[in-house]
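> For reference, the structure I am asking about is given below.
The values are calculated or read from the model by the stated rules, or taken from the named source; none is laboratory data. Keep in mind that this is a model prediction, so the values were computed, not measured. Cβ sites come from the backbone with ideal geometry, for glycine too, and all protein chains shown count toward neighbours. Side chains included, ligands, DNA and RNA excluded: accessible areas come from the protein's heavy atoms. Shrake-Rupley method; radii C 1.70, N 1.55, O 1.52, S 1.80 Å.
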Amino acid sequence: MKPYGQEADYLRLKKEIEAGELRPVYIFYGNEDFLMEEASQSLRLQMAAKFGDVDASRVDGECISLDDVLDMVDTVSLFGGSRFVVVKNALHFTKENKKKESLERLLAHHANPDASACVIFFARDFAKTNKACKELDAAGAVYRFDQLKGAALAAWLRERLALKGKKAPADVMTIFVERVGHDLRRLDTELEKIITYLGDRDELDEKSVQLATSRSIHGDIFALIEAVVYGRASKALTLLKDLLAAGEPPLRILAMLVRQFRLLGEACEQMRRGCSRDELASRLGIHPYAARKLADQVNKTDEDKLYRAVELLLQADLDIKRGRIDHVLALETLVVALGEKSA
């Protein structure tokens, strides 16, 4: 997440909204559209609290010019109150946009302290290639929303649970994310299912996660990796077929396998040097729960088997990329070979 000072942009915006602050212009960009949509809804509620009735519109930035958007913003609402315009797919802030006059007009609107109209752009990209864009960014009107990971994702989940009067141990939340994936929209939906399942109970446990949620492709990849590492070739083949049937690209599955065995090699090296299980997470930059599982895998392998696994993975990668073998057949052969060598 892009920092503004030392704080992630979505947290900065949240604090501004909680403090009752409103800007005439907001520019959102990045790849976490769920957070963008939630922020947009919060700002609309803030407008309603401040001005009463809100005349809201949503337009497609691919089909409307920046000047037309600003004309909408400047038009007096027929319903009184305030104007609230959301522009999806906004293309007005890319390097290719040469209409500096329109951007200067937007900057002037942002600088108007008496504005009763708010416009939010969901931008495809934001390039500080002209004076107006640089000034909007410097004024704090630009917010970058990247995918939440690690501690930021854990904090987001804890907050969602706390709002419902629930809590969960860190290892249970890690299991939940491994099972469901990192997509916030899906995580939010699955959290609601768990909360309903829990009823009056206030703490999530692993059993609740397993019973109340559905697996994602992301979770099945981790299950495949674990089956391979532990030499459960039959289970690994079943999981592989499920992933392929669900449309998961073979090269992505292979990349995940390569990453896990790379981490396994690094963990073996660190633990051979005396690194403890508790220290492994910080050394490798992974979650403590994932580090504990990795340490368990280290105990199930040895250096010869690990070198052999790396050779098999590299050979499969070369064979697939050079078109020597069908992708599916290559992965099936690889999973069997890895299982045999790590049994």
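> Does Glu178 meet the test of being within 25 Å of Leu284 (Cα to Cα) and either surrounded by fewer than 18 Cβ atoms within 10 Å (Cβ to Cβ) or not β-branched (Val, Ile, Thr) (or both)? Spell out the reasoning first.
Working: within 25 Å of Leu284 (Cα to Cα): yes; either surrounded by fewer than 18 Cβ atoms within 10 Å (Cβ to Cβ) or not β-branched (Val, Ile, Thr) (or both): yes.
When the stated conditions are applied, Glu178 passes them.
> What is the one condition in (1) over 22 Å from the mean Cα position of the chain (by Cα); (2) in a helix (DSSP H, G or I) that Ala255 does not satisfy?
(1)
> Given the structure, is Phe122 outside any helix (DSSP H, G or I) and touching a Phe, Trp or Tyr at 6+ places or on another chain (Cβ under 7 Å)? Give the derivation first.
Values: outside any helix (DSSP H, G or I): yes; touching a Phe, Trp or Tyr at 6+ places or on another chain (Cβ under 7 Å): yes.
Judged against the criteria, Phe122 is a match.
> Restricting the search to region 209-223, which residues are assigned to a helix (DSSP H, G or I) and either at pLDDT 80 or above or among the polar types (S, T, N, Q) (or both)?
Here is the first cut: in region 209-223, the residues assigned to a helix (DSSP H, G or I) are 209-212, 217-223.
Of everything in region 209-223, those that are assigned to a helix (DSSP H, G or I) and either at pLDDT 80 or above or among the polar types (S, T, N, Q) (or both) turn out to be Val209, Gln210, Leu211, Ala212.
> Contact list please: Cβ distance under 7 Å, first residue in region 220-234 and of a type in the set (Val, Ile, Thr), second residue in a helix (DSSP H, G or I) and surrounded by fewer than 19 Cβ atoms within 10 Å (Cβ to Cβ), pairs at least six apart or on different chains.
Filtered contacts from region 220-234: Ile221/Met256; Ile225/Met256.
> Return the only residue of Leu331, Leu306, Leu314 being touching a Pro at 6+ places or on another chain (Cβ under 7 Å) and either surrounded by 13 or more Cβ atoms within 10 Å (Cβ to Cβ) or of a type outside the set (Ser, Thr, Tyr) (or both). Before the answer, list the steps.
Working: Leu306 fails: touching a Pro at 6+ places or on another chain (Cβ under 7 Å); Leu314 fails: touching a Pro at 6+ places or on another chain (Cβ under 7 Å).
Leu331 is the lone residue from the list that is touching a Pro at 6+ places or on another chain (Cβ under 7 Å) and either surrounded by 13 or more Cβ atoms within 10 Å (Cβ to Cβ) or of a type outside the set (Ser, Thr, Tyr) (or both).
> Just checking, how many residues over region 304-340 are at pLDDT below 85 and touching an Asp or Glu at 6+ places or on another chain (Cβ under 9 Å)?
Count: 2.
> So how many residues does region 226-239 have that are outside any helix (DSSP H, G or I) and surrounded by fewer than 14 Cβ atoms within 10 Å (Cβ to Cβ)?
So in region 226-239, the residues outside any helix (DSSP H, G or I) come out as 230-232.
This time we only want the ones that are surrounded by fewer than 14 Cβ atoms within 10 Å (Cβ to Cβ), so: none.
Qualifying residue count, region 226-239: 0.
> Return the residue satisfying two criteria in turn: it lies in region 137-171 and is part of a loop (DSSP other than H, G, I, E, B) and farther than 23 Å from Arg201 by Cα, and of such residues it is most open to solvent (accessible area, probe 1.4 Å). Talk me through it step by step, then tell me what you get.
Of the residues in region 137-171, the ones part of a loop (DSSP other than H, G, I, E, B) are 139-141, 146-149, 164-166, 168-169.
So of that shortlist, the ones also farther than 23 Å from Arg201 by Cα come out as 139-141, 146-149.
Numbers: Ala139: 45, Gly140: 0, Ala141: 0, Asp146: 28, Gln147: 77, Leu148: 4, Lys149: 133 Å².
If we take residues in region 137-171 being part of a loop (DSSP other than H, G, I, E, B) and farther than 23 Å from Arg201 by Cα, then Lys149 is most open to solvent (accessible area, probe 1.4 Å).
> Kindly indicate which of Lys134, Lys128 is among the charged types (D, E, K, R), assigned to a loop (DSSP other than H, G, I, E, B), within 27 Å of Gly61 (Cβ to Cβ) and open to solvent by 10 Å² or more (accessible area, probe 1.4 Å).
Numbers: Lys134 fails: assigned to a loop (DSSP other than H, G, I, E, B).
Only one candidate qualifies: Lys128.
> Can I ask one more? Being open to solvent by 10 Å² or more (accessible area, probe 1.4 Å), in a loop (DSSP other than H, G, I, E, B) and touching a residue at least 24 places away in the same chain (Cβ under 8 Å): is that true of Asp67 here?
Numbers: open to solvent by 10 Å² or more (accessible area, probe 1.4 Å): yes; in a loop (DSSP other than H, G, I, E, B): no; touching a residue at least 24 places away in the same chain (Cβ under 8 Å): yes.
When the stated conditions are applied, Asp67 does not pass them.
> Restricting attention to region 188-208, report how many residues are touching a residue at least 40 places away in the same chain (Cβ under 8 Å) and either buried (at least 18 other Cβ atoms within 10 Å of the Cβ) or not in a helix (DSSP H, G or I) (or both).
From region 188-208, those touching a residue at least 40 places away in the same chain (Cβ under 8 Å) are 188, 204; that's our starting set.
Going one step further and asking which of them are either buried (at least 18 other Cβ atoms within 10 Å of the Cβ) or not in a helix (DSSP H, G or I) (or both), we end up with 204.
Total meeting the criteria: 1.
> Right, another one. Can you name every residue in region 272-325 that is of a type in the set (D, E, K, R), closer than 30 Å to Ala170 by Cβ and part of a loop (DSSP other than H, G, I, E, B)? Full working, then the answer.
At the first step, the residues of region 272-325 found to be of a type in the set (D, E, K, R) are 272-273, 277-279, 283, 292-293, 296, 300, 302-305, 308, 311, 317, 319, 321-322, 324.
Filter once more, so that each one left must be closer than 30 Å to Ala170 by Cβ: 272-273, 277-279, 283, 292-293, 296, 300.
Selection gives Arg273, Lys300.
> Among residues belonging to region 40-62 that are assigned to a helix (DSSP H, G or I), in contact (Cβ under 8 Å) with a residue 40 or more places away in the chain and out of contact with any Gly (no Cβ under 9 Å at 6 or more places or on another chain), point out the one that is farthest from Tyr143 (Cα to Cα).
Of the residues in region 40-62, the ones assigned to a helix (DSSP H, G or I) are 40-51.
Now restrict to residues that are in contact (Cβ under 8 Å) with a residue 40 or more places away in the chain: 40, 43-44, 47, 51.
With the extra rule that they be out of contact with any Gly (no Cβ under 9 Å at 6 or more places or on another chain), the set shrinks to 40, 43-44.
On the way: Ser40: 12, Leu43: 14, Arg44: 17 Å.
The qualifying residue farthest from Tyr143 (Cα to Cα) is Arg44.
> Select from region 19-39 the residues that are open to solvent by 40 Å² or more (accessible area, probe 1.4 Å) and part of a loop (DSSP other than H, G, I, E, B) and list them in ascending order.
The answer is Ala19, Gly20, Glu21, Leu22, Arg23, Asn31.
> When the residues of region 290-303 are filtered to those that are closer than 12 Å to Gly265 by Cβ and free of Cβ contacts under 8 Å to residues at least 60 places away in the same chain, which remaining residue is least open to solvent (accessible area, probe 1.4 Å)? Explain how you work it out, then say what you get.
Keep residues of region 290-303 that are closer than 12 Å to Gly265 by Cβ, which gives 294, 297-298, 301-303.
Among the residues that remain, those that are also free of Cβ contacts under 8 Å to residues at least 60 places away in the same chain are: 294, 298, 302-303.
Values: Leu294: 5, Val298: 20, Asp302: 66, Glu303: 92 Å².
Of everything passing the filter in region 290-303, Leu294 is least open to solvent (accessible area, probe 1.4 Å).
> Right, here's the next one. Say we look at region 269-283 and pick out the residues that are under 29 Å from the mean Cα position of the chain (by Cα) and charged (D, E, K, R); which of these is surrounded by the fewest Cβ atoms within 10 Å (Cβ to Cβ)?
Selected residue: Asp278.
> Consider Asp242 carefully, then state whether it is of a type in the set (D, E, K, R), outside any helix (DSSP H, G or I) and surrounded by fewer than 16 Cβ atoms within 10 Å (Cβ to Cβ).
Details: of a type in the set (D, E, K, R): yes; outside any helix (DSSP H, G or I): no; surrounded by fewer than 16 Cβ atoms within 10 Å (Cβ to Cβ): yes.
Criteria not met by Asp242.
> Quick one: Val85 ticks every box in (1) surrounded by fewer than 19 Cβ atoms within 10 Å (Cβ to Cβ); (2) without any contact (Cβ under 8 Å) to a residue 60 or more places away in the chain; (3) aliphatic (A, V, I, L, M) except a single one, so which number is it?
Checking Val85 against (1) surrounded by fewer than 19 Cβ atoms within 10 Å (Cβ to Cβ); (2) without any contact (Cβ under 8 Å) to a residue 60 or more places away in the chain; (3) aliphatic (A, V, I, L, M), the one that fails is (1).
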